[in-house]
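First comes the structure, then the notes that go with it.
The values are calculated or read from the model by the stated rules, or taken from the named source; none is laboratory data. Quick caveat: nothing in here was measured; it's all calculated off a predicted structure. Here the Cβ positions follow ideal geometry from the backbone for every residue, glycine too, while neighbour counts run over all protein chains shown. Ligands, DNA and RNA are excluded from the accessible area calculation, which covers all protein heavy atoms including side chains. Shrake-Rupley method; radii C 1.70, N 1.55, O 1.52, S 1.80 Å.
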Amino acid sequence: MKSNQKKKYLIIGIEILLALMHVVGIGRNSNEPMFILSASYFSDLALPFGFYFLLMISENKVAILQKWWVKAGIVFLMATLAEVGQFFGFYILGRTFNPIDIIVYAAGVLIASFVDWLFTIVFKFWKMENKEI
């Protein structure tokens, strides 16, 4: 199996795990403050995290996406634009503007970038080789 295929399968696994966490509802059965925190910010953290890894699927075809900071910038910019759109009445990925969401988007992207870096250490197939471009 090519390393690019292994990478795609791991990314699909990450996306399935994030989807299951949404379905199960992390914090849904916990006390009220934890539920409010989970309901308010889990998606704001998980969506940028997941979108970062979705962009990785195309990085062997789109050379600029090979840089972690480009992927992080694209995801953060799009999430922030959606949040600012909510402020102006354009309901994209939500209806309520909350400036703290932007900070949580940044955290989600930075965590994804860190996990991406960590995977280069843990998995030999994770780092893209130039022959696969």
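Using helices alone, what [θ] at 222 nm do you get for the chain, with -39,500 (n - 2.57) per DSSP H run of 4 or more residues, divided over all residues and rounded to the nearest 500? Provide the component values of the computation, followed by the final result.
Values: 4 runs with 91 residues, N = 133.
It lands at -24000 deg cm²/dmol.
Please list Phe90, Phe53, Phe42 from largest to smallest accessible area, probe radius 1.4 Å, with all protein chains kept in place.
Details: Phe90 130, Phe53 0, Phe42 40 Å².
Of Phe90, Phe53, Phe42, the descending order of accessible area is Phe90, Phe42, Phe53.
Just the accessible area per residue of the chain, please: how many Å² with a 1.4 Å probe?
65 Å²
Rounded to the nearest percent, how much of the accessible area of the chain (1.4 Å probe, protein heavy atoms only) is carbon and sulfur?
Values: 6170 of 8630 Å².
In the chain, the share of accessible area belonging to carbon and sulfur is 72 percent.
Under the Karplus relation 6.51 cos²θ - 1.76 cosθ + 1.60, θ = phi - 60°, what is the ordered set of whole-Hz ³J(HN,Hα) values for segment 119-126, x standing for Gly and Pro?
Whole-Hz 3J(HN,Hα) from phi for segment 119-126: 5, 5, 7, 7, 10, 5, 6, 5.
Using only alpha carbons, build the gyration tensor for the chain and give me the equivalent ellipsoid semi-axes, biggest first, whole Å. Before the final figure, lay out each step's value.
Details: eigenvalues 169, 67, 25 Å².
After scaling each eigenvalue by five and taking roots: 29, 18, 11 Å.
To make sure I understand the rule: partners must be lysines, Cα under 18 Å from the Cα of Lys71, and not fewer than 8 residues away in the same chain. Which ones qualify?
Lys7, Lys8, Lys61, Lys127
Out of Val84, Ile100, Ile74, whose Cα points farthest toward the positive end of the dipole of the chain (charges: +1 Lys, Arg; -1 Asp, Glu; placed on Cβ)?
In the chain, that residue is Ile74.
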